[in-house]
Amino acid sequence: MRSYRFRRLAFFFVISMGSLLLPGCFDIQEVDDMNIVIALGIDRTDNGLVQLTAQIVNPNAVPSAGGGQSGSGGGQPFLIRDETGSSIEEAVEKFKADVPHRMYLAHNTLVVFGSDYAKQGIDKAFDYFERNRYFRRNQLFLVTPGQARDVLSAPSDPEPLNALGLRDLVEQVGEMFRVVDSGQLEVMKEYLSPSQAPVLSLVDRDATGHLLMKGVAVFRGAKMADVLTVEETKALAWL
């Protein structure tokens, strides 16, 4: 009998201690207290530094499922912020110091490399995104002939969020060209393969400033070597 009571006391003691150790909601963070980043742009400045552009969801102008505007304010559904540093890591740290609220990177959907940065080599960017646990490996790696910041600031009607419109455009055209897969996982496989010749989708703006798929950027190792137009990409797909 005494042994039975002892086992019961021991059982309740373990349960009580376990409940105290269970994780609670003490570290929960409200959405309004975070800067949700949905796209990043990486450019090279004239003096050789890295300019990092972050496209952030505007919580006061996020479109609702019914097509209306939610939040207390209006305006553009996304915000653009820039930081410059000697590396991507340094630019990210500056965001933490200069931008109110925490930068939330887990929902990032794509990275756009400016051509000047891509021609110098994007191996350091590859290393950063592969090592950083906050980024998902299904994000897209894209290149633009000009500045990444310009592409991330362009309208993407009818999709109000530039990053989502850009991703839809690339994936839609990618369905026609199966040889091009700009997902991070696939790009890294090609980069680490014996050929070391990853192919990234090439995006730009048209005469009206809207987004368009311009072709593909061909890399030799980590450096952009050439670009192919959409028509040339079609020929590559046929081969």
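The values are calculated or read from the model by the stated rules, or taken from the named source; none is laboratory data. Here the structure is a predicted model, which means the values were calculated and not measured. Here Cβ is always computed from backbone atoms with ideal geometry, including for glycine, and neighbour counts include all displayed protein chains. Ligands, DNA and RNA are stripped out before the accessible areas are found, and what is left, the full protein with its side chains, is counted by its heavy atoms. Shrake-Rupley method; radii C 1.70, N 1.55, O 1.52, S 1.80 Å.
Out of Q120, L161, V230, whose Cα points farthest toward the positive end of the dipole of the range 113-238 (charges: +1 Lys, Arg; -1 Asp, Glu; placed on Cβ)?
The one lying farthest along the dipole's positive direction is Q120.
Count neighbours as other Cβ atoms within 10 Å of each site's Cβ, and list the chymotrypsin sites (Phe, Trp or Tyr not before Pro) in the range 104-197 that are DSSP loop with at most 16 such neighbours. Spell out each step's value before the answer.
Numbers: sites: Y104, F113, Y117, F126, Y128, F129, Y134, F135, F141, F177, Y191; in loops: Y134, F135, F177.
Passing both the DSSP loop test and the Cβ count: Y134.
Keeping every protein chain present and rolling a 1.4 Å probe, give me the accessible area per residue for the range 128-226 in Å².
Working: 4970 Å² over 99 residues.
Per-residue accessible area for the range 128-226 comes out at 50 Å².
May I ask for the net charge around D226, where only other residues with Cβ less than 12 Å from the Cβ of D226 are counted and Lys, Arg are +1 while Asp, Glu are -1?
Net charge in that neighbourhood comes out at +2.
Counting Lys +1, Arg +1, Asp -1, Glu -1, what net charge surrounds T45 among other residues with beta carbon under 12 Å of its beta carbon? Intermediate values should be presented prior to the final figure.
Numbers: positive: R44, R149; negative: D43, D46, D82, E83, D116.
Residues close to T45 contribute a combined charge of -3.
For K189 paired with K124, estimate the spin-label separation in nm (one decimal), with each label point 7 Å from Cα along the Cα-to-Cβ line.
If labels sit at K189 and K124, their model points lie 2.9 nm apart.
Find out how many positive minus negative residues lie around K189, taking Lys and Arg as positive, Asp and Glu as negative, among other residues whose Cβ is under 14 Å from that of K189.
Numbers: positive: R137; negative: E130, D181, E186, E190.
Spelling it out: positives minus negatives among the neighbours equals -3.
Which lysines have a Cα less than 20 Å from the Cα of K124, not counting those fewer than 8 places away in the same chain?
In chain and number order, the partners are K94, K189, K223.
Report, to the nearest whole %, how much of the accessible area of the range 118-239 belongs to carbon and sulfur atoms, 1.4 Å probe, protein only. List each step's numbers first, then the result.
Values: 3370 of 6550 Å².
The value for the range 118-239 is 51 percent carbon and sulfur by accessible area.
Please give the FRET efficiency for A225 paired with D157, using the beta carbon to beta carbon distance and R0 = 35 Å, rounded to the nearest 0.05. Write down the numbers at each step before the final one.
Working: r = 34 Å, r/R0 = 0.96.
Here the calculated transfer efficiency is 0.55.
Give the Debye-formula value of log10 I(q)/I(0) at each listed q (0.15, 0.19 Å⁻¹), with one equal scatterer per alpha carbon of the range 177-222, two decimals each.
For the range 177-222, the Cα-only Debye profile gives -0.43, -0.61.
What is the distance in Å between the Cα centres of the range 138-184 and the range 216-230?
16 Å
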